[in-house]
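Novice: Let me begin by handing over the structure; questions about it come next.
The values are calculated or read from the model by the stated rules, or taken from the named source; none is laboratory data. These numbers were taken from a predicted model, which means no experiment stands behind them. Here the Cβ positions follow ideal geometry from the backbone for every residue, glycine too, while neighbour counts run over all protein chains shown. To get the accessible areas, we keep the full protein, side chains included, count just its heavy atoms, and leave off ligands, DNA and RNA. Shrake-Rupley method; radii C 1.70, N 1.55, O 1.52, S 1.80 Å.
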Amino acid sequence: MHKGSCLCGAVTFEVEGKLGEGEACHCVQCRKWTGHYLASTEVKRSALTVRGAENLKWCRSSEKVRRGFCSECGSPLFFDPVDREKHDWLGISLGAFDTPTETRMALHIFVAEKGDYYDITDGLPQNQY
């Protein structure tokens, strides 16, 4: 069981089972949402339990995705593809976990949109989009 929360604790969550590998998204939307880039893991929807869901606010950031964050403290928590028939998963910010994640970063995506103020030097695969 993996547990996590937002900064203020108004939203908590648990994920049953193993987490997927980590992914760093450097797209403009993720950079603006988090203030840097989004490090997240994908989990099956059925493995996630959320408490304090009334404190979640959702932003439809594109036709394909909505982003969930705490309405109290603003912590970015969930990346949710809206076409649930095609996607049985959602993304969770790795930094929101309270317990050890027991996972590692696997790749970088949307590096063509990364900020100019940092370099990616960890040797992981880099997808332009």
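Novice: Using a probe radius of 1.4 Å on heavy atoms only, what accessible surface per residue do you get for the chain? Whole Å² is fine.
Specialist: Numbers: 7560 Å² over 129 residues.
Accessible area per residue: 59 Å².
Novice: I'd like the distance separating the alpha-carbon centroids of the stretch 87-127 and the stretch 1-79, in whole Å.
Specialist: So the separation of the two Cα centres works out to 13 Å.
Novice: Moving to a separate point now. Okay, helix-only estimate at 222 nm for the chain: each DSSP H run of n ≥ 4 adds -39500 (n - 2.57), divide by all residues, round to 500 deg cm²/dmol; what do you get? Spell out each step's value before the answer.
Specialist: Numbers: 1 runs with 7 residues, N = 129.
The per-residue figure over the chain is -1500 deg cm²/dmol.
Novice: Between beta-carbons, use under 13 Å as the cut-off and find the net charge around Val111, counting Lys and Arg +1, Asp and Glu -1. Provide the component values of the computation, followed by the final result.
Specialist: Working: positive: Arg31, Lys114; negative: Glu23, Glu113, Asp116, Asp119, Asp122.
Neighbourhood net charge equals -3.
Novice: Okay, next question. Using only alpha carbon pairs under 8 Å that are at least six residues apart, calculate the relative contact order of the chain and give it in whole percent.
Specialist: On the way: 276 pairs, mean separation 38.7, N = 129.
That works out to 30 percent.
Novice: Carbon and sulfur: what percent of the stretch 1-120's accessible surface (1.4 Å probe)? If you can, show how the numbers build up before the last one.
Specialist: Details: 3240 of 6750 Å².
Ligands and nucleic acids excluded, carbon and sulfur reach 48 percent.
Novice: What order, most packed first, do the peptides 22-32, 92-102 have when packing is the mean number of other Cβ atoms within 10 Å of each residue?
Specialist: Values: 22-32: 18.3, 92-102: 16.0.
My ranking of the peptides, most packed first, is 22-32, 92-102.
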